[in-house]
Amino acid sequence: MKSIKKYLMLFTICTTVLAQNNYPIVLVHGFMGWGPEEMLGYKYWGGFWNIEKHLKKQGFIVYTVSVGPVSSNWERAVETFYQLKGGQLDYGKAHSDRFGVIQKPEGKSYKALYPEWDSEHPVHFIGHSMGGQTIRMLDYLLTNQFYSDSARTIVEESKLLREKHDGWIKSITTISSPHNGTTYIDVRIKEIPFIQNLLGFAAVVGSRVYNFDLEHWDLKQKKGESWNEYYNRMQNHPAWNSKNVSTWDLSISGAREMNTYVRANPNIYYFSFANTATILDENTGFHIPGNKNINKILRNKAENIGSTIGIYTDSTETDSTWFENDGVVNTISMAGPTTGLNGSDKIIKYSKDRSLIPGQWYTLGPYQMGHYYIIGQAFMRKKSRDKLYKIYSDHCKLLYTLPK
């Protein structure tokens, strides 16, 4: 039995060596996610298991980044760039001036995970949930030049923003991503400001367990500052009511705004994994929890989304096709961006028999899995884990078949 396993492992490694490319694969977590060194070893990518480690054993080169769990897609994209490329993080002067954040937070200087990254050494990105939006935003930042003044005469000094970096991304894969937003966020932001409460919790347990990475918001408890003073400052921070926060980017209106200017790059291969955890209730026309691969915490959320009509800022509404969901994101939103005011990206069903063309989305699924089950955050037996691992391994093999 051991010899068979060794043979299969050797065969897998050989297939990656003989592939069209062996570009690194970069994993980007979603909203409220965490890095590999946080949560006392419980992995965002794999839970009690470890998807990154598994893929590395298969012969793939894999890196995992850790970005702000409640920050905007702009800021998360910038953080992804500097973690891979290295150097002092710089959000850009224009962005920092507009939203009142610290442009170059002290202590946010990174040792590069992949310093070779450039057009000759591109990468494959895989993002879960909001991570998919973040990767798309990163491509937008890489392929445009940005200015620090409104007259567009002074170029940003950031090495990310001051010049174009075409060809740095080979492929983008999104998993359970709210490309068109999620109606759950539209409901949730009307409730108790839960993020502020979680920030308070994180301050108590310490950044080694969970880090909100909000130094640029100046939201660390200051020396001599009482808990009540800190909590009040945190709750009253202007970012919560701005467009520079995750809740805006994840809303249907925020996503539609992003989709208007962040469009598919004709030189990038796109893949999207859709999943669902609900079924249609014939009596009501709503969607209700429908499979065992959704945890109990998400069942109420799934039922809530399954009957929610989302309302855009212009008072237009979503329809019943948005009811199907995975407990966090509407399934219809996962295939790719379709709500931009200037049109939508091209989206087609993935088929092994179809030649892949860059610049359009190939969607897979929907898989019968909840929002966190699909990344391994669940109590699952080895057999179920291996099935999930195979989905990731097979897709990474596909990425390695893409031409250089």
Within the range 381-392, is there a residue that is on the phi < 0 side of the Ramachandran plot, acidic (Asp, Glu) and free of Cβ contacts under 8 Å to residues at least 12 places away in the same chain? yes
Looking at (1) of a type outside the set (S, T, N, Q); (2) at pLDDT 95 or above; (3) farther than 21 Å from Ala264 by Cβ, which one does Gly131 not meet, given that it meets all the others? (3)
Which of (1) modelled with pLDDT of 95 or more; (2) of a type in the set (Val, Ile, Thr); (3) over 30 Å from Pro358 (Cα atoms) does Thr247 not meet, given it meets every other one? (1)
If I go through the range 78-122 residue by residue, how many of them are in a helix (DSSP H, G or I) and either surrounded by 14 or more Cβ atoms within 10 Å (Cβ to Cβ) or touching a Lys or Arg at 6+ places or on another chain (Cβ under 8 Å) (or both)? 13
Which residue pairs have Cβ atoms closer than 9 Å, lie 6 or more positions apart in sequence or on different chains, and pair a first residue in the range 139-155 that is under 28 Å from Gly359 (Cβ atoms) and without any contact (Cβ under 8 Å) to a residue 24 or more places away in the chain with a second residue that is of a type in the set (A, V, I, L, M) and surrounded by 16 or more Cβ atoms within 10 Å (Cβ to Cβ)? Asn144/Leu161; Gln145/Leu161; Val155/Leu161
For Tyr389, state whether it is at pLDDT 95 or above, more than 20 Å from Ser177 (Cβ to Cβ) and surrounded by 18 or more Cβ atoms within 10 Å (Cβ to Cβ). yes
Do we have Asp213 as of a type in the set (D, E, K, R), within 21 Å of the chain's Cα centre (by Cα) and at pLDDT below 90 here? yes
For Gln377, only one of the following conditions fails: (1) at pLDDT below 95; (2) more than 18 Å from the chain's Cα centre (by Cα). What is its number? (2)
Kindly indicate whether any position in the range 53-67 is at pLDDT 95 or above, more than 18 Å from Val123 (Cβ to Cβ), under 14 Å from the mean Cα position of the chain (by Cα) and not in a helix (DSSP H, G or I). no
For the range 23-44, which positions are among the aliphatic types (A, V, I, L, M) and either more than 17 Å from the chain's Cα centre (by Cα) or modelled with pLDDT of 95 or more (or both)? Ile25, Val26, Leu27, Val28, Met39, Leu40
Kindly indicate whether any position in the range 126-135 is among the small types (Gly, Ala, Ser), farther than 16 Å from Asn259 by Cβ and part of a helix (DSSP H, G or I). yes
How many residues are over 20 Å from the mean Cα position of the chain (by Cα), closer than 18 Å to Leu399 by Cα and of a type in the set (A, V, I, L, M, F, W, C) when one looks only at the range 118-146? 0
Within the range 234-279, residues among the aliphatic types (A, V, I, L, M) and touching a residue at least 24 places away in the same chain (Cβ under 8 Å) come out as Met234, Ala239, Val245, Leu250, Ile252, Ala255, Met258, Val262, Ala264, Ile268, Ala274, Ala277
At pLDDT 95 or above, among the β-branched types (Val, Ile, Thr) and touching an Asp or Glu at 6+ places or on another chain (Cβ under 9 Å): which single residue out of Thr316, Thr363, Thr338, Thr321 fits that description? Thr338
Quick check on Pro337: is it under 30 Å from Tyr23 (Cβ atoms), touching a strand residue (DSSP E or B) at 6+ places or on another chain (Cβ under 9 Å) and not acidic (Asp, Glu)? yes
Look at the range 136-161 and say how many of its residues are under 14 Å from Ser96 (Cβ atoms) and outside any loop (DSSP other than H, G, I, E, B). 1
Does the range 237-273 hold any residues that are surrounded by fewer than 21 Cβ atoms within 10 Å (Cβ to Cβ) and among the aromatic types (Phe, Trp, Tyr), and which are they? Trp240, Tyr261
Please list, ordered by first then second residue, the pairs with beta carbon atoms under 8 Å, 6 or more apart or interchain, first in the range 95-111 and under 16 Å from Gly68 (Cα atoms), second part of a strand (DSSP E or B) and among the polar types (S, T, N, Q). Lys104/Gln88; Lys108/Gln88; Ser109/Gln88
Top-ranked residue of the range 315-348 - restricted to ones that are more than 20 Å from Gln133 (Cα to Cα) and without any contact (Cβ under 8 Å) to a residue 40 or more places away in the chain, ranked as surrounded by the most Cβ atoms within 10 Å (Cβ to Cβ): Ser320
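The values are calculated or read from the model by the stated rules, or taken from the named source; none is laboratory data. Predicted model, so just to flag it, every value in this text is computed and none were measured. We place every Cβ from the backbone using ideal geometry, glycine too, and count neighbours over all the protein chains shown.
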